[in-house]
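**Q** First the structure, which I've put down as structure tokens, then a few questions once you've had a look.
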Amino acid sequence: MLEFSGIDTALSKLRETVKRATVAKKRALLAEAHAIRRKSLKYVPLDFGVLKGSALVEPVEEHSDGSVSTVIGYGGDAGA
């Protein structure tokens with residue numbers, strides 16, 4: 001009979017690595033989303049400044065399949 005030792009430790013380390021990777025993935029996505037938002041501000045019409053002031057990046061969401069997403073957009077009072 002084979003006996004394995006250290007499996008619980010290995011699984012614990014693997015779970016921690018997955019958590020750290022997910023945090024890094026969320027941070028990277030958020031940083032890129034903010035960079036895109038900043039770049040987009042160069043192209044927004046400035047008639048009254050309302051649209052430019054409504055630029056947003058929503059919080060990053062984690063999905064059940066492990067993917068992450070966010071929304072970059074304009075809206076708020078500018079949509080009225």
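**Q** Could you give the length gained on full extension between Arg38 and Phe4, defined as 0.36 nm per residue of separation minus the Cα-Cα distance, in nm?
**A** Computed gain between Arg38 and Phe4 is 6.9 nm.
**Q** Where the accessible area of the chain is counted over protein heavy atoms with a 1.4 Å probe, how much of it, in %, is carbon and sulfur?
**A** 58
**Q** How much area per residue is accessible in the chain when the probe is 1.4 Å and only protein heavy atoms are counted (Å²)?
**A** The answer is 82 Å² per residue.
**Q** Work out the FRET efficiency for Val18 and Ser54 from their Cβ-Cβ distance, taking R0 = 30 Å, and round it to the nearest 0.05. Walk me through the intermediate numbers first.
**A** On the way: r = 36 Å, r/R0 = 1.20.
About 0.25, to the nearest 0.05.
**Q** How charged is the neighbourhood of His34? Take every other residue with its Cβ under 12 Å from the Cβ of His34, and add Lys/Arg as +1 and Asp/Glu as -1. List each step's numbers first, then the result.
**A** Working: positive: Arg27, Arg37, Arg38, Lys39; negative: Glu32, Glu58.
Charge balance in the 12 Å sphere: +2.
**Q** Using only alpha carbon pairs under 8 Å that are at least six residues apart, calculate the relative contact order of the chain and give it in whole percent.
**A** Details: 69 pairs, mean separation 20.8, N = 80.
It comes to 26 percent, rounded to a whole number.
**Q** Given only helices, namely DSSP H runs of n ≥ 4 each adding -39500 (n - 2.57), what is the per-residue ellipticity at 222 nm of the chain, to the nearest 500 deg cm²/dmol?
**A** Numbers: 2 runs with 38 residues, N = 80.
Mean residue ellipticity, 222 nm, calculated: -16000 deg cm²/dmol.
The values are calculated or read from the model by the stated rules, or taken from the named source; none is laboratory data. Bear in mind the structure is a predicted one, so any value in this text is a computation, not a measurement. Using ideal geometry, Cβ is built from the backbone for each residue, glycine included, and neighbour counts are taken over all protein chains shown. Quick note on the areas: whole protein, heavy atoms, side chains included, nothing else; ligands and nucleic acids left out. Shrake-Rupley method; radii C 1.70, N 1.55, O 1.52, S 1.80 Å.
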